[in-house]
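The numbers here are math on the coordinates, done by the rules we state, and not lab data. A quick note: this is a predicted structure, and the numbers were derived from the prediction, not measured. A quick note on method: Cβ atoms are made from the backbone with ideal geometry, for glycine too, and the neighbour counts reach across all protein chains shown.
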Amino acid sequence: MKIDVTQVLRDLEGNSILLDSTKEATLKDVIKWALLKEEESDKEGLKKYENYELAKLVQKVDCPDLTVEELSKIKEKIQKNFSTIVVGAAFDLIENK
């Protein structure tokens, strides 16, 4: 499934969600951060490397063609590492809502 990761995340009022006081959060930013954040379940080297490779793909391609398994991993990592508003906004973009 192709996903445009350059899309900006928006809150419930339609305002851009900011990473800091000036930079708008894109789906690409959220996916990369989520994949590169180490969790207890990611202790083995192969999982870390798979996450790193997926993050590299998302960084290089503005509209990566992701498998169901890759999307599932991305969504799992996002929901574990972000607030409700970011999870909702990211999932809406991933699901094209």
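Side notes on the structure shown:
- Out-of-range pairs (alpha-carbon distance over 19 Å; input Lys28/Lys73; Lys23/Lys75; Lys75/Lys97; Lys2/Lys56): Lys23/Lys75
- Between the labelled values (i) 12.9, 41; (ii) 20.6, 65; (iii) 15.3, 45, the entry that holds Rg and Dmax of the Cα atoms in Å as derived from this structure is (i).
- Gain in span if fully extended, Ser72 to Lys56, counting 0.36 nm per residue against the direct Cα distance: 4.1 nm
- Its relative contact order, with pairs defined as Cα atoms under 8 Å and 6+ residues apart, puts the chain at 38 percent.
- Sites listed here are chymotrypsin sites (Phe, Trp or Tyr not before Pro) in the range 1-58 whose DSSP assignment is loop and whose Cβ has at most 13 other Cβ atoms within 10 Å, and the list is empty.
- With K and R counted +1 and D and E -1, the other residues having a Cβ less than 15 Å from that of Ser16 yield a net charge of -3.
- Overall, the chain carries a charge dipole of about 140 debye about its Cα centre when +1 sits on the Cβ of Lys and Arg and -1 on the Cβ of Asp and Glu, all other atoms neutral.
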